[in-house]
Structure formats: structure tokens, C-alpha cells
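Peer 1: Here's a structure for you.
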Amino acid sequence: MQLTSPVTDIKGVGKDAEQKLAILGIHTVSDLINYYPRRYDDYSNVQAIRAITPGMVTIKATIKQAAGRYVRRGMHITEAVASDDSGSTKLVWFNQPYRAAALKPDTDYYISGDFGLRSQRLSILNPSVELVGNFVINTARIVPIYRETKGLKSGQIRKYIREVSSLVNSLPETLPEWLVDEERLISRSEALSQIHFPASSESLSVAKRRLGFEEVFELTLSALMNKYELLKEHTSSITFDKKLAQEFVRHLPFTMTDDQKRVVWQIYQDLQKEIPMNRLVEGDVGSGKTVVAAMAAVMAIKQGFQVAFMAPTELLARQHAETIAKLLEPLGMGALVGLLVGGLKPVDKKRAHSAVASGEMMFIVGTHAIIAEKVDMHNLGLVIIDEQHRFGVQQRKKLETKVGHAVHVLSMTATPIPRSLALTLYGELDVSIISTKPANRKPIKTKLVPFASRAQLYESLKDQLVTGRQVFVVCPLVSPSDMVPAKSAEKVYDELSKKFLKDWRVGLLHGQMKSAAKEAVMQAFLDHKLDVLVSTTVIEVGVDVPNAGVMIIESAERFGLAQIHQLRGRVGRSEHQGYCFLVLSDNKAPSSRLRAVQSSSDGFKLAEYDLELRGPGAIYGTMQHGQLDLRIAKLSDVRLIASARKAAQSFLDKGESLGQFKELEGRVLKAMAVTNLN
């Protein structure tokens, strides 16, 4: 059997099991070996029967009096009595009719399960049972629990992994010997063996460190290799014009923050190089990233280079086009800004294409359709990506083929990402952070609202609506669900439009609507043809409605902190005071998470807190970054991450060849492709 062998080569895996394993993404022996447990049940403490208390327990006992019977509605119950020198206890299995015949009398078994009350009597319910003396996989040890699918439980997955354990034990090392020694890591084969069947909590911890280290090492190595590939590229230098920069700043209706000035200077230094810029500007909501992007753009335009600005939606593209045209107007460049989106009428699109090709349109604002469409770029020099998070090598090559040369790329995100995570996610990018907000922005007042006060909150909204302010109401669900006790957008829309705010113009927006319908509703809210917008999180990033003064988040406990912070950033974007109300689903005390978001307006601090509480998925979810697969490493483990990043740099500095480590090479190349295509 080889790592590349299909799972059907494993003893016990037939066609049915093959299909179920495929649902979990397991097709080969290697896939199975690298399918890590999601958690563990500790059954390693074997107790005497008289010492056990309610909860998860393990005993060593003989079994007597095993018998099964059918009860109401076809349910089958098997009952048995387990005994040791200290006493006896009852065992109960539900719908496992084979149990009674499988149990041998007067034979020692390890028995692990939940000791609890049933029919007024304490019993071990649905226990796992294994003969003493065998290599136990379900009892009397730390037992791995895997992500399961219908018809395929953890016990079966454990059995299959046990069948390939001899192959696990003989796996070759995937890291250089010097690195394993330097970092005091156990071998990969030992780590995989212990991750599936840990001998102790200590050996599990050591295995996690080895595999977590390797995850971050691989990811960082792939990012560095991408970065080195980029350094081989050549592009046109865009020189710094001090007078132009000063004139731009002089016409701004506000004073730039020190963070904005620092980041702009970093960008100007990048643009002057003949190596393409690849910088990510990370700024909290309302920190003024668009101004920074515009300052970069004017430098390129003044020297005859076109700029392409790509937004995630047509609505945002239209907003950016208006904002940027106003910023460039005092410099006489406002007329050079144009819109190129799929929603343009054929005649307008044809005119836009012509303006781009002739150089009449120097600042092209649109969606990613700018790259996809057959647009003849006049002389593209700079690409600005808003909320895309990545513009990989493959996309660069596609653009390069289109325009005939490499270009500078500036990416922007409003998702606050802790620095440790940003460096790991974006190792091939230079990261700039804008953490301060413009001086004229008032902090948004955030308040927790118990469910009992919900009606009172909506009644009080009328004071805001009378003054002309608009209101966002965000819900976690589109439609009501019996499974999830949370408010839905459709139900809240009905309540507000027919009851609480029936005299006001209320709109509904959610992700299941067609794109054109979503754009129309959002445009109506922008044009103040709606007073209240009930929505799901589709309004989370980017939408700028300066007149919106209130954000209400229903069933707030259903959202992550980073998500709530993003939503909160949709209001208070003008001189008026902004308010955010976090409405609870019930009258229980609010969680520490919600108290944290009430007391802090610092997105980076909240993201750090969210990372500690819920792991990186909290931030990936916000970023829609589904491809990154860190299953073991914790990004709050700063020391591990620093060591792994340093090791990746040393690997390249020493001139190590990936070809020597075939499995590592495969995973790194895959990571390079994933990070470049996102």
C-alpha cells in the first residue's frame, strides 16, 4: 500500500465507505492519514466501578446478563451488567441489536461511555467496548473524534486509520534534519501517529506543535517563494512629485492622519522602484483608505499611466467613482475618472471602452470585469484592489498578458487582522496598517439592548427618523428557522413595515435576491427613498451611506466581533453622531464578547480578542477566505509562528531544494497556487 493508493485498498473499505469518505474529502491513503481529529475524548483514566461519578467514564470489567429487546416504535435496547471487584453497573445500548451476541461472558473489557441517569437508574449509555490486551482505539485512552458524515462515524474512521498505522510509522521526514534538530521537533511519522492515537496528553501536545509548526512553515515558505517570483518581474518606475502631493493634500476638506501620511509615503517609495509594488493597506472602518489610494493614483496619472480601481460590487464601484472624481477635481483630474461595469448600457459601455483605449479615461473604476472584459488599456501602470484580499501571481500574469507588462498592485481591506495573522496570511505582500481615524469622526455609541426592551428601541427610532437620519437593521437569517433561535430579515421586515415603523419607508435586502434587485434596493437607500433598510450581512463591507445614523443588530450574539465591528462601521460616517444597538435574542445576560464590542471601538483589539476566543475562522469568515487550511496551528501562538516564519526564511537562505522533500514540495506548491488564486 502506498500513500497514493485509493482508500479501497484499506481493509474494510468497500464502495459504500469509499463514497462516504469522499464526502469528507478523503480519496487516498494520504488523505486519510492527514485527516486530523477535530477534538478528543479522554477515556485514559480507568476507574473502579464504585469510584465512577456521572460523566464520561472508563472501567475495566467483565460483562454478564447481556440481552436485547424491541420496545415502542421499533426501538431496540440492549442491556447488560458490567462487574469488577468493587461492584457492578448497568450498560445500555440503543438500536445496536448485534451487541448482545458480540459480547463474550467472563471476559475482560475496557468500557468507555457516558455514565448518567436512565429510568431512575445510573447506567453507562451507548458505551464503546474493547477486549483488554488488544491495541484499543475506542476506550481506555485519549480517543480522537473526527468530523463525520451520515453513515460514517468516528469509530469507523479510527478503525481505517489503525489499518494504515504501519504505513504512518514508516513515513519519510518532510523537513531538513537541521531544522528538526534546531526546533526540537519530533519526526513527522511520530507526530501523525500521536495525533491519531496519542499515548498521553503530553505526547499529543508535542505532536500538535510539530504539525502546527509545519503548517505555518509551509504557508510562509509558499508566500516567500511567491514574493521572490515577483521580485524577478520588471515594471515602470513612477517617480515622486512633491508639489503634486502637497497640492492634493492642500485641497482635502480634512487633515490627513499621521497613519495615512506614513502609508502614502511607503506607497510612493514602492512606486519609484522598477520591481512591481505588491502592498496591502489594512485600515479599520472609516480610517480613510480611499484617500490614500487616490494619492497613489494621481502620481501615476500625472506621469501618463492609467489606474484601474477594482471594487467587489458595481454599487461600490459607482460610489468610489463619485468619491474619487471629487478628490481629483481640484487637481483638474476629475474628468479623467470613469466607470466601467457590467451594468452599463451597451452604448455607454462602448463609449467607456473607447475612452480607455484612447487614454481619455485615465482612472478606470469598476469590478473585476475590468480584467475579464476585452478592454484595450492605453498604458496601465497601477491596479488598486478594494476588499479582494489577494491579487495573486496567476491574476497578475493574466493582466500582464493583457497589457503587455507588469504593473504595480495596491490591495486594500477594511477587515482588521491581527499582525501575527496578517503576516502569515499575506507573507508575499508588504502590509501597511492605518489604525487611527480622521479627527472629525465621532466615536459610535454602542449599547446592548435586552430582548424585553426591543419594542421600546424601535419606538425611539422615530426621533432619529424625524431628523432625516436613516437606519440599518441587520439580522443573521434570511427566513425564520425552527433550528436557529434568531431573528430573520423577512420576519423583522414584516414587523417594522406593518407594526413598529408602518408610517416610514422600510426596505428589505438579503443575499438570496438577484444582483439587480439588491443593487436597486441599496441604491434606493442611498438616494434616501427608503428610511430603514432591513438586511443580512450583505451590507457588511464598503457601502457608504453618510446619512445613516443608526445600526441595529438583531440576535447580536449570533455574530462574530469582527463582523459586528464591520457592521457598526456602516454608520456615523458624517458629522452626525452614530449609534449601534446590539439586540439580544433573549433576556439572558450578554456575553463577554458583546461587552467587549460595547466598550471598544478599536477593530484590531476586537480582532485579537475574537482570534483568542474563536480561532482564525472568525476572521476567515469575515474575509470569505475559505481556502486557507490551518487545522492545528493556533495563530494566537505568537512564538510558534515567529519560529516557523524564521525557519522558512532560513530554508531559502540556505539554498535548500524543495525537490529533496517531495511531500513538502507538493504541499508548498499547492499553497502557492491557493494563495495566488484567491
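The values are calculated or read from the model by the stated rules, or taken from the named source; none is laboratory data. If you're wondering where the values come from, they're calculated on a predicted model, not measured in any experiment. Here the Cβ is made from the backbone with ideal geometry for all residues, glycine too, and neighbour counts use every protein chain on show. Please note that ligands, DNA and RNA were not included when accessible areas were found on the heavy atoms of the full protein model with its side chains. Shrake-Rupley method; radii C 1.70, N 1.55, O 1.52, S 1.80 Å.
Peer 1: For Ile23, Ile632, give me the order by solvent-accessible area with a 1.4 Å probe, most accessible first, ignoring ligands, DNA and RNA.
Peer 2: These residues rank, largest area first, as Ile23, Ile632.
Peer 1: If you rank Lys487, Lys447 by how much accessible surface each has, with a 1.4 Å probe, what is the order from largest down? Intermediate results must be reported in sequence, preceding the final value.
Peer 2: Values: Lys487 35, Lys447 115 Å².
Final ranking, largest accessible area leading: Lys447, Lys487.
Peer 1: Mind running the shape call on segment 236-275? Use the C-alpha gyration tensor, a ≥ b ≥ c as the square roots of the eigenvalues: rounded below 1.5 for a/c, prolate if a/b tops b/c, oblate otherwise.
Peer 2: Since a/c reaches 1.5 but b/c is at least a/b, the shape of segment 236-275 is classed as oblate.
Peer 1: How would Ser222, Ser354, Ser479, Ser119 rank on accessible area, largest to smallest, probe 1.4 Å? Provide the component values of the computation, followed by the final result.
Peer 2: Values: Ser222 0, Ser354 70, Ser479 50, Ser119 90 Å².
Heavy-atom accessible area, descending, gives Ser119, Ser354, Ser479, Ser222.
Peer 1: Which of the trypsin sites (Lys or Arg not before Pro) found in segment 344-376 are in a DSSP loop and have at most 16 neighbouring Cβ atoms, other than their own, within 10 Å? Mind dumping the intermediate values first?
Peer 2: On the way: sites: Lys349, Lys350, Arg351, Lys374; in loops: Lys374.
In loop regions of segment 344-376 (DSSP not H, G, I, E or B), the sparsely surrounded trypsin sites (Lys or Arg not before Pro) are Lys374.
Peer 1: I'm spelling it out carefully: the read-out is volume of the Cα convex hull per residue in Å³, the candidates are [x] 269; [y] 160; [z] 200, and one was derived from this structure. Which label?
Peer 2: Of the listed options [x] 269; [y] 160; [z] 200, [z] comes from this structure.
Peer 1: Quick one: which of 598-605, 512-519 comes out on top by average Cβ neighbours within 10 Å, and what's the full order, highest first? Working shown, then result.
Peer 2: On the way: 598-605: 17.1, 512-519: 13.5.
By packing density, highest mean first, the sequence is 598-605, 512-519.
Peer 1: Loop only by DSSP, 16 or fewer other Cβ within 10 Å of the Cβ. Give me the chymotrypsin sites (Phe, Trp or Tyr not before Pro) in segment 229-333 that pass, ordered by residue number.
Peer 2: Numbers: sites: Phe240, Phe248, Phe254, Trp265, Tyr268, Phe305, Phe309; in loops: Phe240, Phe254, Phe305.
Passing both the DSSP loop test and the Cβ count: Phe240, Phe254.
Peer 1: Within segment 1-24, whose backbone N sits under 14 Å from a point 7 Å along Cα→Cβ of Tyr98?
Peer 2: 12-14, 17
Peer 1: A further question follows. Lys/Arg Cβ at +1, Asp/Glu Cβ at -1, dipole of the chain taken about the Cα centre: which of Gly14, Leu465, Leu429 is farthest positive-ward?
Peer 2: Checking the options against the dipole of the chain, the answer is Leu465.
Peer 1: For segment 225-355, with only Lys/Arg (+1) and Asp/Glu (-1) charged at the beta-carbon, what is the dipole magnitude about the Cα centre, in debye rounded to 20?
Peer 2: It comes to approximately 320 debye.
Peer 1: Follow-up. Scan segment 172-252 for trypsin sites (Lys or Arg not before Pro) in coil per DSSP, keeping those whose Cβ has at most 15 other Cβ atoms within 10 Å, and list them by number.
Peer 2: Qualifying residues, ordered by number: Arg184, Lys232.
Peer 1: If I model a spin label at Lys90 and Arg351 as a point 7 Å from the Cα along the Cα→Cβ vector, what separation in nanometres do I get?
Peer 2: Calculated label separation equals 8.4 nm.
Peer 1: Can you pull the one-decimal nm distance between simple spin-label points at Trp265 and Ser205, each 7 Å off the Cα toward Cβ?
Peer 2: Result: 4.6 nm between the two label points.
Peer 1: Per-residue ellipticity at 222 nm for the chain, helices alone: DSSP H runs ≥ 4 residues times -39500 (n - 2.57), over residue total, nearest 500 deg cm²/dmol?
Peer 2: Value at 222 nm, helices only: -11500 deg cm²/dmol.
Peer 1: What is the gain in length, in nm to one decimal, between Ser119 and Ser481 on full extension, counting 0.36 nm per residue of separation less the C-alpha to C-alpha distance?
Peer 2: 127.0 nm
Peer 1: If Lys and Arg each add +1 and Asp and Glu each add -1, what is the summed charge of the other residues whose beta carbon sits under 9 Å from the beta carbon of Gln523?
Peer 2: Once all neighbours under 9 Å are counted, the net charge is 0.
Peer 1: Here is a further query. Could you do me a favour and compute the accessible area per residue for the chain, 1.4 Å probe, result in Å²? Kindly include the intermediate steps, with their values, before the conclusion.
Peer 2: On the way: 30700 Å² over 678 residues.
Result: 45 Å² per residue.
Peer 1: Positive end of the dipole of segment 1-152, charges at C-beta (+1 Lys, Arg; -1 Asp, Glu), about the Cα centre: which of Gly133, Asn95, Val46 has its Cα farthest in that direction?
Peer 2: So the residue furthest toward the plus end is Asn95.
Peer 1: Let's see if you can work this out: charge +1 on each Lys and Arg Cβ, -1 on each Asp and Glu Cβ, no other charges. What is the dipole magnitude of segment 1-94 about its Cα centre, in debye to the nearest 20?
Peer 2: 460 debye
Peer 1: If I take R0 = 45 Å and measure r between the Cβ atoms of Glu173 and Leu131 in this structure, what FRET efficiency does the formula 1/(1 + (r/R0)^6) give, to the nearest 0.05?
Peer 2: In this case the efficiency is close to 0.80.
Peer 1: Could you calculate the contour length gain from Asp181 to Glu663, that is, 0.36 nm times the residue separation minus the distance between their Cα atoms, to one decimal place in nm?
Peer 2: Stretched out fully, the Asp181 to Glu663 stretch lengthens by 171.6 nm.
Peer 1: A follow-up question, please. Count charges around Lys60 for me, please; just the other residues with Cβ under 9 Å from its Cβ, Lys/Arg as +1, Asp/Glu as -1.
Peer 2: Net charge in that neighbourhood comes out at -2.
Peer 1: 7 Å from Cα along Cα→Cβ at both Ser600 and Glu329: what's the point-to-point distance in nm?
Peer 2: Each label point is offset 7 Å from its Cα along the Cβ direction, giving 4.0 nm.
Peer 1: Using the Cα centre of the chain as the reference point, and only Cβ charges (+1 on K/R, -1 on D/E), how large is the resulting charge dipole? Debye, rounded to the nearest 20.
Peer 2: 1560 debye
Peer 1: With a 1.4 Å probe and all protein chains left in place, how much of the accessible area of the chain comes from carbon and sulfur atoms, in whole percent?
Peer 2: 50 percent
Peer 1: For the chain, what proportion of DSSP beta bridges, expressed in % and rounded to the nearest 5, is antiparallel?
Peer 2: Values: 38 of 94 bridges.
Just about 40 percent of them are antiparallel.
Peer 1: Still on this model: Considering the dipole of the chain built from charges on the beta carbon (Lys and Arg +1, Asp and Glu -1) around the Cα centre, which of Ser585, Ser189, Ala293 is farthest to its positive end?
Peer 2: Value computed over the given set: Ser585.
Peer 1: Based on the Cβ-Cβ distance from Thr467 to Asp42, what FRET efficiency comes out when R0 is 51 Å, to the nearest 0.05?
Peer 2: Computed FRET efficiency for Thr467 and Asp42 comes out at 0.30.
Peer 1: List the lysines whose alpha-carbon lies under 21 Å from that of Lys487, not counting same-chain residues fewer than 8 positions away?
Peer 2: Lys447, Lys498, Lys499, Lys502, Lys518, Lys588
Peer 1: Lys150: which lysines have alpha carbons under 26 Å from its alpha carbon, excluding same-chain residues fewer than 8 sequence positions away?
Peer 2: Lys11, Lys15, Lys20, Lys159
Peer 1: Which of rounded, prolate or oblate describes segment 214-304 when judged by the alpha-carbon gyration tensor and an a/c cut-off of 1.5?
Peer 2: Numbers: a/c = 3.55, a/b = 1.53, b/c = 2.32.
Here segment 214-304 falls in the oblate category.
Peer 1: Can I ask one more? Under the classification rounded if a/c is under 1.5, otherwise prolate if a/b is larger than b/c and oblate if not, where does segment 34-114 fall, given a ≥ b ≥ c as square roots of the Cα gyration tensor eigenvalues?
Peer 2: Oblate.
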